[in-house]
Amino acid sequence: MGDPAPRTVGAALAPLNALRNRIRLASWFAAVGEELTTAERWDTRAYLAGLGFADTGVAAVPDWKQAAAVAKSPDWSRDWWDREESERTALLARAGTLMPEHELMAALSWVMELSASITHGAAAIAASRSGVADQALSRVAAGAAAQSAYQAALAAIGHDGESEHPFSIKFRLFEAGRWPLGITGGSFHLF
Amino acid sequence: MSEQIVVKHTADLKDAPEEFRNAVAKLVISHAVNELYGAQVFDEPAIALAPNPYAKWLTCRVAMEEYGHHVRFRELGEEMGIPAEKMTPSEKRPLSIFEFPLQSWEEFCVIKLLADLAEILQVEDLLHCNFHPLRNLARMTMPEERFHAQFGEDFCTELVATEDGRRKVQDAINRYYPMLPAFFGASVSRNNEIFRKWGIKQRTNDEMREDFLGRAKELVEDKLKLKLPPLAAAA
């Protein structure tokens, strides 16, 4: 089978234009540590249900120190990470049927480069506002944010289900200024 | 012995002697290729090997920074008129260290500790390069390179706190360290002579190698309390 037609490739990549704008305009890390809103709790539950963790509770993380401790905790859920990874792999495979590999990689690289250029500075500023000057931790936050942007890009290209993809919901939490830290000790931690 | 020539802008490179232009192009190609190789062969696979989300996200960020260095060198190369395909691994043979696939988190931390130290030395030598676009790029890249080496030191320090970790880190040092002195090139090097003649680089390959060996000893033996393998026996 040959490469998809250019018109098809263009249509498949179109959702990325909106995502790029959202990456530029997001309130990266602006709401970390604040009390969780009802909408954020709903989003987090929808994200968890989408990944098959509907019974997992949601816990708020109050500060950067706790956020680092949660991310380093030895009882983090490998099942949760692996579930995200298998979603990522499935989306990548589907996206690969919609366009030539080099076009897909170029589009994803563009998203990563854009998020890389924005998120580290935003994380460092947010942390310093809380009196935290930790070069490694602000990079950890930026790495998580860039991963989410990449996942959201894949979902935008490769998801064809009726309900919103969990990666899109997770990205929305980042976009609103939060840092979803993952499942640790049986709860999903949202900073 | 340095020729008194300073090139402040890429556009002025066309007026520089051919030997100067070729030498600068060699350096830019080498950095562009090796930064990309490093990101693809070590940093990206290390995300899966990292022991927790903190380490995974930090490694993800480091991979992006290494890729970003490739992009910066490639963009400078393109401004200089070097075809993009010459600045990718398919066109240029990589350093030997890149031919050994990464197998463990401990290996990755040792690579950050020692290979990024070697990279720091290479970039340090360009901080006063008289081709200013390359000098400026080196100055911009240096803080991130230092952070990457610090990443290696911090995680290695954490790992050697347990007996199993000590053994694994020592094993990785035994396998990777012997490859690193070759990073700095031959003792008698026509390329290095030309780099120094034009003030593009400052030190001989042997001077940089000696500096690396000293700094590696300080890190591995004085700080981590591990052993560097004898180089002659490993060669």
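Odds and ends about this structure:
- Residue check for B:Glu19: more than 8 Å from chain A (Cβ to nearest Cβ), under 18 Å from A:Arg88 (Cβ atoms), outside any loop (DSSP other than H, G, I, E, B) and open to solvent by 10 Å² or more (accessible area, probe 1.4 Å): no
- If the condition is being among the aliphatic types (A, V, I, L, M) and surrounded by 23 or more Cβ atoms within 10 Å (Cβ to Cβ), then the stretch B:97-116 contributes B:Val110, B:Ile111, B:Leu113, B:Leu114, B:Ala115.
- Taking the conditions (1) in a helix (DSSP H, G or I); (2) open to solvent by less than 50 Å² (accessible area, probe 1.4 Å); (3) in contact (Cβ under 8 Å) with a residue 24 or more places away in the chain; (4) more than 21 Å from A:Glu164 (Cα to Cα) in turn, A:Ile23 satisfies each one other than (4).
- Residue that is nearest to B:Ser30 (Cα to Cα), among those in the stretch B:179-197 that are part of a helix (DSSP H, G or I) and open to solvent by 40 Å² or more (accessible area, probe 1.4 Å): B:Asn191
Results for (1) under 19 Å from B:Asn52 (Cα atoms); (2) small (Gly, Ala, Ser), shown as yes or no for each residue.
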position	(1), (2)
A:Tyr47	no, no
A:Pro62	no, no
A:Ala69	yes, yes
A:Lys72	yes, no
A:Arg88	yes, no
A:Ala93	no, yes
A:Met99	no, no
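- Of all residues in the stretch B:157-177, exactly one satisfies the criterion of being hydrophobic (A, V, I, L, M, F, W, C) and free of Cβ contacts under 8 Å to residues at least 24 places away in the same chain, namely B:Ala161.
- Qualifying residue in the stretch A:138-158 (condition: more than 14 Å from chain B (Cβ to nearest Cβ) and of a type outside the set (A, V, I, L, M, F, W, C)): yes
- For A:His159, the stated conditions do not hold, so it cannot be described as modelled with pLDDT of 95 or more, more than 24 Å from B:Leu36 (Cβ to Cβ) and either surrounded by fewer than 24 Cβ atoms within 10 Å (Cβ to Cβ) or aromatic (Phe, Trp, Tyr) (or both).
- Test result for B:Gly68, out of contact with any helix residue (DSSP H, G or I) (no Cβ under 8 Å at 6 or more places or on another chain) and farther than 30 Å from A:Asp75 by Cβ: no
- From B:Lys14, B:Lys86, B:Lys56, B:Lys92, residue being at pLDDT 95 or above and out of contact with any His (no Cβ under 8 Å at 6 or more places or on another chain): B:Lys56
- Cβ pairs under 7 Å, 6+ apart, first in the stretch A:174-191 and closer than 19 Å to A:His120 by Cβ and touching a residue at least 40 places away in the same chain (Cβ under 8 Å), second basic (Lys, Arg) and open to solvent by less than 10 Å² (accessible area, probe 1.4 Å): A:Pro180/A:Lys170; A:Phe191/A:Arg178
- Evaluation of A:Arg172 against (1) surrounded by 19 or more Cβ atoms within 10 Å (Cβ to Cβ); (2) away from chain B (no Cβ under 14 Å); (3) in contact with a Gly (Cβ under 8 Å, 6 or more places away or on another chain) (one fails), failing number: (3)
- Residue match in the stretch A:125-132 (condition: under 14 Å from the mean Cα position of the chain (by Cα) and farther than 21 Å from A:Gly10 by Cβ): no
- Within the stretch B:98-117, not a single residue is of a type in the set (S, T, N, Q) and within 23 Å of B:Ala25 (Cα to Cα).
- Selection of the stretch A:98-123 for residues being open to solvent by 40 Å² or more (accessible area, probe 1.4 Å) and in contact (Cβ under 8 Å) with a residue 60 or more places away in the chain yields A:Glu103, A:Trp110, A:Ile118.
- Going through (1) modelled with pLDDT under 95; (2) in contact with a helix residue (DSSP H, G or I) (Cβ under 7 Å, 6 or more places away or on another chain); (3) of a type outside the set (Gly, Ala, Ser) one by one, A:Asp134 falls short only on (1).
- Top-ranked residue of the stretch A:175-190 - restricted to ones that are away from every other protein chain (no Cβ under 13 Å) and small (Gly, Ala, Ser), ranked as least open to solvent (accessible area, probe 1.4 Å): A:Gly177
- Counted residues, the stretch A:48-94 - those being in a helix (DSSP H, G or I) and either farther than 30 Å from A:Asp160 by Cα or away from chain B (no Cβ under 11 Å) (or both): 24
- Filtered residues of the stretch B:54-72 (kept if more than 7 Å from chain A (Cβ to nearest Cβ), within 21 Å of A:Phe191 (Cβ to Cβ) and either among the basic types (Lys, Arg) or open to solvent by 10 Å² or more (accessible area, probe 1.4 Å) (or both)): B:Lys56
The values are calculated or read from the model by the stated rules, or taken from the named source; none is laboratory data. Quantities reported herein were computed from a predicted structural model and do not represent experimental measurements. Don't worry about glycine lacking a Cβ; one is built from the backbone with ideal geometry, like all the others, and counts go over all protein chains shown. Please note that ligands, DNA and RNA were not included when accessible areas were found on the heavy atoms of the full protein model with its side chains. Shrake-Rupley method; radii C 1.70, N 1.55, O 1.52, S 1.80 Å.
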